[in-house]
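Reviewing the structure listed below.
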Amino acid sequence: FGSATKVRLSTNTILDLTQLGVSDLVNDGVINIQQNGYLSASLPGIVNNGTINTTGDAVSIYGYSNNENTGLVDNKGILNINTKKVIVYAKLVNTGTINIGANDTLNVFGELQQSGLISGQASSKLSLGYSINDHTFNAGSITRNIGELEIYYGTAILKSGATIENLVAVNAISGNLQAFITLPQS
């Protein structure tokens, strides 16, 4: 497809791909991104209402670059990371579910807005970095069973009401971790 093509995948669609670049994508079906593949969309970006699966050693997901720092990947469905390294070069808004497999890494080189569920295993890694905007774990979000939360550059904010369960390690390399806790009134 060309970069000026708009794509909407229906609920019965299964798309196996190595490389896809379009102007915007709405996925209501299943997308399987293969080894060393990429998924790229310009403005307004990628909306996932269905399922996106990744396999292999490396996969990249790109958003449109603009003055607001990064494009948009809006995950309202399921994103299954079964790849040693998935790099999202975009603002990743998660109101759905992200599953990170054993020994697999999700790198967000944009901004993470976490309002849904991120679930992994003791060897899973969530790496946040290279953003001028804060990464935010919002109230009501659940992040669990992650082996390592890495803040490579920038700030990750845990808002009051965000749930973090079974996080093995936090590694703030050149970044900051801020937590906001609301205490009950006495």
In the chain, what percent of the accessible surface is made up of carbon and sulfur (1.4 Å probe, ligands and nucleic acids excluded)? 49 percent
How far apart, in nanometres, would the label points at Lys84 and Arg8 be if each is projected 7 angstrom from Cα along the Cα-to-Cβ direction? 4.0 nm
Could you give the accessible area per residue of the chain, probe 1.4 Å, as a whole number in Å²? 47 Å²
Proximal lysines relative to Lys91, as straight alpha-carbon distance under 16 Å, when same-chain residues fewer than 8 apart are discounted: Lys76
Calculate the translational D of the chain in whole µm² s⁻¹ from Stokes-Einstein, where the hydrodynamic radius comes from the Kirkwood formula applied to all Cα pairs, the temperature is 20 °C and the viscosity 1.002 mPa s. 130 µm²/s
Spacing of the two label points (7 Å from each Cα toward its C-beta) at Asn36 and Leu15, in nm: 2.2 nm
Classify the stretch 6-81 as rounded, prolate or oblate from the Cα gyration tensor: take a ≥ b ≥ c as the square roots of its eigenvalues, call it rounded if a/c is under 1.5, otherwise prolate when a/b beats b/c and oblate if not. oblate
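The values are calculated or read from the model by the stated rules, or taken from the named source; none is laboratory data. These numbers come from a predicted model, not from an experiment. No Cβ is skipped: glycine too gets one built from the backbone with ideal geometry, and neighbour counts run over all protein chains shown. Quick note on the areas: whole protein, heavy atoms, side chains included, nothing else; ligands and nucleic acids left out. Shrake-Rupley method; radii C 1.70, N 1.55, O 1.52, S 1.80 Å.
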